[in-house]
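The values are calculated or read from the model by the stated rules, or taken from the named source; none is laboratory data. Because the structure is a prediction, the values reported are computed rather than measured. Glycine also receives a Cβ, built like all others from the backbone with ideal geometry; neighbour counts cover every protein chain displayed.
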Amino acid sequence: MSILIKNALHEGREVDVLIQGEQIVAVGPNLETPPEWAGTVIDAADKAIVPGLINAHTHAGMTLLRGYADDIDLHTWLHEHIWPLERKLSKEDVYWGVKLACLEMIKTGTTFFCDMYWHMPGAVRAVEDMGPRAMLSLPFIDFNDSGQASKFKQRAQDFFDQKHETSHRIRYALGPHAIYTVSRDSLIWLAEFARDKNLILHIHLAETQREVEDCVAAHGTTPVRYLKEIGFLGPNVLAAHAIWLDDEEMRILADQDVKVAHLPASNMKLCSGAFPYRRLHGLGICIGLGTDGCSSNNNLDMFEEMKFAALSRKTVTGDPTVMPAPEAWACATVNGAKIFGLNAGRIAPGMLADCLLLDLNHPQLVPNHNLISNLVYAANGDCVDTTICAGKILMQGRQVPGEREIIQEVKARVRALLQR
């Protein structure tokens, strides 16, 4: 099946975009669909075509906890509120929570997300049903308990030894939660296992000052140095947050080609600290952008995340030129594509057909002096009219099939969850 998008604004000129299967095959004026290709034609007059957004770190099932425990520091939030409620979640709860997350992301222009959450089978079903791309990270938390460590190791071996009959849109990673929830021996084992299986290691790192202080007390060194010493770091590591770093640690991350997910809204809400964007960017570290979960953000709108990222850097540094709009846009598109090995992030022949049509008549996009500036500083997810992923239309005219059912089911499940 093909999709022919007519009259879309792209890099300052009107073009047609022809999609066949999961790829963009042509971009230019006056394109026609070959007679042998059955397909759909979309008139994109007064719309701009841009690549789909890439959410480099989230916990999709936490849509169920949106607004549940706000205005609390991270460690109290986790230990006294989030983890106790998460223990009551079922696989079916997570299925519907991830469906709600996918709905929100589709409506706000995200076509790929990297997740870390419980009840992986529920998340897999939800992504299959809803149609985006995802990297789902198998969580690993042992709290320095050898019995728990053995259980999680066996689960990882069983999971990655089996053949997954899921869509190629879904990929898998290892998700050691953090250095304070995973033992040294397990981190070493995970690093070796990931190298053997060619997997991404997706971990929270240097998120709070307390994490650094606790690491120094327990291991005599800081989190990044600790992970380097045990051989954990490498080009397959995705570090979420990466806030509390000194200059040497930043150079270590750069030397090891570690990728970083910046989460501005979550960092600000939990007062985790100021992300050292300028120094990390200057070292050539690939920085993606993510939302974190809905209980620490509290939404999954990557347009908001771009704005928070750019504005927070300017405020912290006192320099209005830091993280200009094109760099924020790159973090949400081409940088994310690089992190996850996706042939995406641009509208061009040969690229994946993961793209958005933006409503140029939306008040936030008028006038259009500079589209990228508007997308970073003015827009939110409501500006997305159409979302296409893997060559399939997931939303058109802001309508997503099954939206009402998802919302009603999630409301019912959350009521039941709170009564358990």
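Quick rundown of the values:
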{"read-out": "Every residue from segment 333-379 that is free of Cβ contacts under 8 Å to residues at least 12 places away in the same chain and within 14 Å of Phe303 (Cα to Cα)", "value": "Asn374"}
{"read-out": "Residues satisfying the stated conditions in segment 338-355, i.e. touching a Phe, Trp or Tyr at 6+ places or on another chain (Cβ under 9 Å) and assigned to a helix (DSSP H, G or I)", "value": "Phe340"}
{"read-out": "Condition met for Asn335 (touching a strand residue (DSSP E or B) at 6+ places or on another chain (Cβ under 7 Å), crowded, with 16+ Cβ neighbours inside 10 Å and in a helix (DSSP H, G or I))", "value": "yes"}
{"read-out": "Residues of segment 127-150 satisfying the condition of being acidic (Asp, Glu) and either buried (at least 24 other Cβ atoms within 10 Å of the Cβ) or assigned to a helix (DSSP H, G or I) (or both)", "value": "Glu128, Asp129"}
{"read-out": "Some residue of segment 101-115 being more than 28 Å from Ala379 (Cα to Cα), in contact with a helix residue (DSSP H, G or I) (Cβ under 6 Å, 6 or more places away or on another chain) and not hydroxyl-bearing (Ser, Thr, Tyr)", "value": "no"}
{"read-out": "Residues being farther than 23 Å from Ile347 by Cβ and either surrounded by 20 or more Cβ atoms within 10 Å (Cβ to Cβ) or touching a Lys or Arg at 6+ places or on another chain (Cβ under 6 Å) (or both) - total across segment 362-409", "value": "1"}
{"read-out": "Pair list, Cβ under 9 Å, 6 or more apart: segment 156-174 residue within 21 Å of Ile339 (Cα to Cα), other residue loosely packed, with under 11 Cβ neighbours inside 10 Å", "value": "Arg171/Gly341"}
{"read-out": "Matching entry among Ala45, Ala8 (being among the aliphatic types (A, V, I, L, M), surrounded by fewer than 16 Cβ atoms within 10 Å (Cβ to Cβ) and touching a residue at least 24 places away in the same chain (Cβ under 8 Å))", "value": "Ala45"}
{"read-out": "Test result for Leu358, more than 20 Å from Ala134 (Cβ to Cβ) and in a strand (DSSP E or B)", "value": "yes"}
{"read-out": "Residue in segment 151-161 that is surrounded by 20 or more Cβ atoms within 10 Å (Cβ to Cβ) and either within 27 Å of Thr333 (Cα to Cα) or modelled with pLDDT of 95 or more (or both) present", "value": "yes"}
{"read-out": "Test: residue in segment 297-315 that is over 30 Å from Val98 (Cβ atoms), at pLDDT 95 or above and hydroxyl-bearing (Ser, Thr, Tyr)", "value": "yes"}
